[in-house]
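Down below is the structure, laid out as structure tokens.
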Amino acid sequence: MTDDMFQEKLSAYCAKTFGQGGKLTDVQRLSGGASMESWAFAYGGEDYVLRRLPTGLSPDDDGLRGVPLATQADVIELARSAGVTAPEVRGRLKPEDDLGEGFIMTKAEGETLPHKILGNPEFAEAESRLTTQCAQELAAIHRIEMNPLLQSLEYFSPAELIGLQKDKYHEIGGQIPIYEYAFHWLEQNAPDASDKYLVHGDFRMGNLMIDRQGLSAVLDWELVRLGDPVQDLAYLCTPSWRFGHYEKEAGGFDSAESFLTAYAEASGTAVDPERFRFWLIYSTLWWGVACMVMGQIWRSHGDRSLERTVIGRRVSEVEIDLALLFEEILPETISGPLDWSIPDQADETGETGYGELLTALEEWNAKQVLPGLQGHDKFQSRVAGNALGIARRQAEWAPLYREAAEARLAAIGCDHRQLCNGLSQGKIAATRPGVWDHLRLSALERLSIDQPKYVGLKVALSKWRST
């Protein structure tokens, strides 16, 4: 559907739903949206947001891990009635509207982009309130009493959730040693969580609207389901959702300890630290598998957006995150200092190298394409620049890293596949000589190619060089 056709159909829907006297203006696709499209627009003097399935996807697509949009709208209305700060649902799309599956909400005021909020003096007062506000919102969500709507939502036990993620990982063909170790650890440490509560499922910075007074709306309810409330708490503390403020475990704005204390006060329930650790490691690994799923959707032609392929390369961020989390519980003796650094830039001679071609494309995109773009096109150009950087570093550094990895595996006495299988089955321990060093070095090597600006890389190097 062309932009003109989309706006024509949206205008007709608004006239039917909100009255004939208005005019559709300021239609803009919001940045991001790998799982759902979000469109901001104005009609009749009011601001709205449309949430709908991305073009080319169906409700049955494996990449859409959440509930149908109609159910999302129902849950949002229920949450609002229970005192949760969620946007008001104003309209629901029907097949005859020819706009796909979705619903329209009143646009909440504020900012969602974490890099514009966290550490910004303009949002300092708001940031200081987020610990208490997030704890109160989650407590309100978890207090919502069971009813027929909630009973229609999916519920999986911790063991079942691990199995679902492991099945996805194997279907894609994953073979990442520290992921294999994490799956085994989770299977051995799954808590009993048979009580069913409503959980948001995606409660994190980026899905929260923040104004100068703090949290103004809880957004993005697509992963809502029944489960363990502690999973929501750990999810907010997942390293990937700290957005550059790695030392502040709770969303990049506070410590996990302060956040859990605030939740205990808001809910009247203390949080078991071992249960929290389980869900923190689970949520970290879940995001790694979700990144792989994004790439698989592109590979299977479900949605060929560039963003999916780049998200698919974020699996190495999770390798570093898992290593740092596990080192909190593994024996200190296995984590010695590492002698590692990013390779020096090689001097090119002779014919043009593949790395040079990719560098030229990076520079052309950054200097000639990006400056002339706006909105979602500008976002896509940045994603393209990221992809070109990944490909350039892979071309230049992967041969060096591959040689080093093969030498380490030879010293351990196994190949890559044998290591993965041994870690998954518990037959090779992380404490076996050489294993933990190999996992850490592999994570550093892969992340330096995929996302060298990821703050977890800096944190890991600071820790591992001085251990």
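The values are calculated or read from the model by the stated rules, or taken from the named source; none is laboratory data. Everything numeric in this text was worked out from a predicted model, so none of it was measured. Ideal geometry is used to build each Cβ from the backbone, glycine not excepted, and the neighbour counts take in all protein chains shown. What goes into the accessible areas is simple: the full protein's heavy atoms, side chains included, and nothing from ligands, DNA or RNA. Shrake-Rupley method; radii C 1.70, N 1.55, O 1.52, S 1.80 Å.
General remarks:
- Count of the stretch 98-126 residues which are touching a helix residue (DSSP H, G or I) at 6+ places or on another chain (Cβ under 6 Å) and within 17 Å of K248 (Cβ to Cβ): 2
- Just one of the listed residues (G372, G389) is more than 28 Å from Y181 (Cβ to Cβ), of a type in the set (G, A, S) and out of contact with any helix residue (DSSP H, G or I) (no Cβ under 7 Å at 6 or more places or on another chain), namely G372.
- Yes/no for G252 being within 17 Å of the chain's Cα centre (by Cα) and closer than 21 Å to R129 by Cα: yes
- Reported count of residues in the stretch 249-279, each being in a loop (DSSP other than H, G, I, E, B) and either closer than 19 Å to R143 by Cβ or in contact (Cβ under 8 Å) with a residue 40 or more places away in the chain (or both), is 8.
- Within the stretch 440-467, being surrounded by fewer than 21 Cβ atoms within 10 Å (Cβ to Cβ) and within 11 Å of L338 (Cβ to Cβ) holds for L441, L461, K463, R465, S466, T467.
- Residue pairs whose Cβ atoms lie under 7 Å apart, separated by 6 or more positions or on different chains, with the first residue in the stretch 2-14 and closer than 18 Å to I104 by Cα and the second assigned to a helix (DSSP H, G or I), are K9/D97; Y13/D97.
- Residues (under 24 Å from L461 (Cβ atoms) and open to solvent by 60 Å² or more (accessible area, probe 1.4 Å)) located in the stretch 332-375: E332, T333, P337, D339, S341, I342, D344, Q345, A346
- Test result for P399, free of Cβ contacts under 8 Å to residues at least 12 places away in the same chain, assigned to a helix (DSSP H, G or I) and under 27 Å from E37 (Cα atoms): no
- In the stretch 379-390, the residues that are hydroxyl-bearing (S, T, Y) reach residues that are open to solvent by 20 Å² or more (accessible area, probe 1.4 Å) and in a helix (DSSP H, G or I) with C-beta atoms within less than 8 angstrom, at least six apart or across chains, in these pairs: S381/V369; S381/L370.
- The residues in the stretch 152-179 that are farther than 15 Å from G295 by Cβ, open to solvent by less than 40 Å² (accessible area, probe 1.4 Å) and in contact (Cβ under 8 Å) with a residue 40 or more places away in the chain can be counted, and the count is 7.
- Flag if G268 is surrounded by fewer than 23 Cβ atoms within 10 Å (Cβ to Cβ), of a type outside the set (F, W, Y) and in contact with a Leu (Cβ under 9 Å, 6 or more places away or on another chain): no
- Residue that is farthest from L419 (Cα to Cα), among those in the stretch 181-235 that are acidic (D, E) and under 15 Å from the mean Cα position of the chain (by Cα): D220
- Screening the stretch 111-187 for helices (runs of 4 or more DSSP H) wholly inside it with 1 or more residues that are within 30 Å of K427 (Cα to Cα) and acidic (D, E) returns the ranges 158-172.
- Pairs linking a residue in the stretch 99-113 that is on the phi > 0 side of the Ramachandran plot and crowded, with 18+ Cβ neighbours inside 10 Å to a residue that is in a strand (DSSP E or B) and polar (S, T, N, Q), with Cβ atoms under 7 Å and 6 or more positions apart or on different chains, are G110/S216.
- Residues that are touching a helix residue (DSSP H, G or I) at 6+ places or on another chain (Cβ under 6 Å), of a type outside the set (V, I, T), surrounded by 15 or more Cβ atoms within 10 Å (Cβ to Cβ) and not in a loop (DSSP other than H, G, I, E, B) do not occur anywhere in the stretch 409-417.
- Unmet criterion (only one of (1) open to solvent by less than 20 Å² (accessible area, probe 1.4 Å); (2) under 27 Å from the mean Cα position of the chain (by Cα)) for G422: (2)
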